Amino acid sequence: MKRVITYGTFDLLHYGHINLLRRAKALGDYLIVVISSDEFNWKEKHKKCYFTYEQRKAIVEAVRYVDLVIPETSWTQKRSDMHEYFIDTFVMGDDWKGKFDFLKEEGVDVVYLPRTPEISSSKMKKDLYDADDCDGESKITHDEINTNPEK
């Protein structure tokens, strides 16, 4: 069985994430997704997530390409994960190109997949923030919407 692993935050899951997971799974038989813990995101990556680790884990576990989800708690865990989970292929988006080549020393193939260019969580956040000088609230309530076209 060929085992593939990828890492990420996976907050605000979108079709670019799904593309990455689908292509990663196609490289093997078993896909492990390592999701950054809340503490790791805040202390090491200086990222604030909308969803908690447990919520992001539940969302990613629901994706059909994913076989196992585990937490990422440090930058150094990648080396040990390669051995603990008997990994054959390490996959990341090409925005990380070259950053994880050192894992080849652990006997794994390192693959950088092209990102889906028109989408990212950062772009989504910016677009939503910029839309109509959005204050985060809908300008219309459900009560104001006519769902019966005959009236």
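Cβ crowding within 10 Å ranks 52, 9, 76 as 76, 52, 9, fewest other Cβ atoms first. A Stokes-Einstein calculation at 20 °C with viscosity 1.002 mPa s, built on the Kirkwood radius of the stretch 1-46 over Cα pairs, returns a diffusion coefficient of 185 µm²/s.
Can you figure out the FRET efficiency of residue 95 with residue 1, using R₀ = 25 Å and their beta-carbon distance, to the nearest 0.05? With R0 = 25 Å, the Cβ-Cβ based efficiency is 0.30. Which shape class applies to the stretch 72-112: rounded if a/c is under 1.5, otherwise prolate when a/b exceeds b/c and oblate if not, where a ≥ b ≥ c are the square roots of the Cα gyration tensor eigenvalues? Since a/c reaches 1.5 but b/c is at least a/b, the shape of the stretch 72-112 is classed as oblate. Lysines within cross-link reach of residue 126: Cα-Cα under 18 Å, excluding same-chain residues under 8 positions apart? List returned: 47, 48. Using the Cβ-Cβ distance between residue 22 and residue 51 with R0 set to 22 Å, the FRET efficiency from 1/(1 + (r/R0)^6) comes to roughly 0.55.
Here is the list for the stretch 42-128: GluC sites (Glu not before Pro) lying in DSSP coil, each with at most 15 other C-beta atoms within 10 angstrom of its C-beta, are 44, 118. Specify whether the C-alpha gyration tensor of the stretch 25-120 places it in the rounded, prolate or oblate class, a ≥ b ≥ c being the square roots of the eigenvalues: rounded for a/c under 1.5, otherwise prolate if a/b is larger than b/c and oblate if not. Taking the square roots of the gyration eigenvalues as a ≥ b ≥ c, the stretch 25-120 is rounded.
Computed from the Cβ-Cβ distance with R0 of 41 Å, the FRET efficiency linking residue 68 to residue 144 stands at 0.35.
Every number here is computed from the coordinates shown, using simple stated rules; none is lab data. Predicted, not measured: the structure shown is a model, and the values here were computed from it. Note: ideal-geometry Cβ built from the backbone for every residue, glycine included; neighbour counts use all protein chains shown.
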